[in-house]
1. Please give me the summed charge of the neighbours of P104: other residues whose Cβ is under 10 Å from its Cβ, Lys and Arg +1, Asp and Glu -1.
2. So what is the relative contact order of segment 24-74, in percent, for Cα pairs below 8 Å that sit 6 or more residues apart?
3. Note down the net charge around L135, summing +1 for each Lys or Arg and -1 for each Asp or Glu among other residues with Cβ under 14 Å from its Cβ.
4. M124: accessible area at probe 1.4 Å, nearest 10 Å²?
5. Quick check on segment 57-115: take the gyration tensor over C-alpha atoms, sort the square-rooted eigenvalues as a ≥ b ≥ c, and tell me if it's rounded (a/c under 1.5), prolate or oblate.
6. Where does each of E31, E45 land when they are ordered by accessible area, with a 1.4 Å probe and the largest first?
Amino acid sequence: DEGCHVVAPLLAIAIGPGRIGVSPLAATVAEFAVVWGWHLPRLHEAAAVSPFVLAIEQFSYLAVGLALWASVARANALAGAGAMALTFMHMTLLGALLILAPRPLYTAVCFGPDPLSDQQLGGMLMLAVASPVYLAAGLWKLRQTLDGPASENAEETQ
């Protein structure tokens, strides 16, 4: 799951953000629905035991991630910052939920002697990888908003 948070922005840069025409808010809502949907216990467990379902899960993560990053790259700075802030918040909330849950949410796929620790490790990875990426991108877009048109003109002349 966490690899898509790195691959999607790089792929969006390679493809070019202008080729994917979706608003940052729509992309954020789609990304939220896909990420939280696949973390529902039945869907998460289905992806863990079926290579076909896993492929669908990973493709859907990549598709919504690509749409999100492309929309943020081409959006005005404030809309991009808002999309990244919303995504940062829901990813952080999901990671915290996995860490703080009093029992394993994914009993069929949490392996090892302590399934709760397995789940908590997944939540920590989400917090360590995904959340900082979205926070950094949101702060970068916010900086563009605060700098205003003067910084955009300065960047174009350099």
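The values are calculated or read from the model by the stated rules, or taken from the named source; none is laboratory data. These figures come from a predicted structure and were not determined experimentally. Quick reminder, even Gly has a Cβ in these numbers, built from the backbone with ideal geometry, and neighbours come from all protein chains shown. Side chains included, ligands, DNA and RNA excluded: accessible areas come from the protein's heavy atoms. Shrake-Rupley method; radii C 1.70, N 1.55, O 1.52, S 1.80 Å.
1. With Lys, Arg at +1 and Asp, Glu at -1, the neighbours total -1.
2. Normalised by residue count, the contact order of segment 24-74 is 51 percent.
3. Result for the local shell: +2.
4. Counting only protein heavy atoms, the figure is 100 Å².
5. oblate
6. Ranked from most to least accessible, the order is E45, E31.
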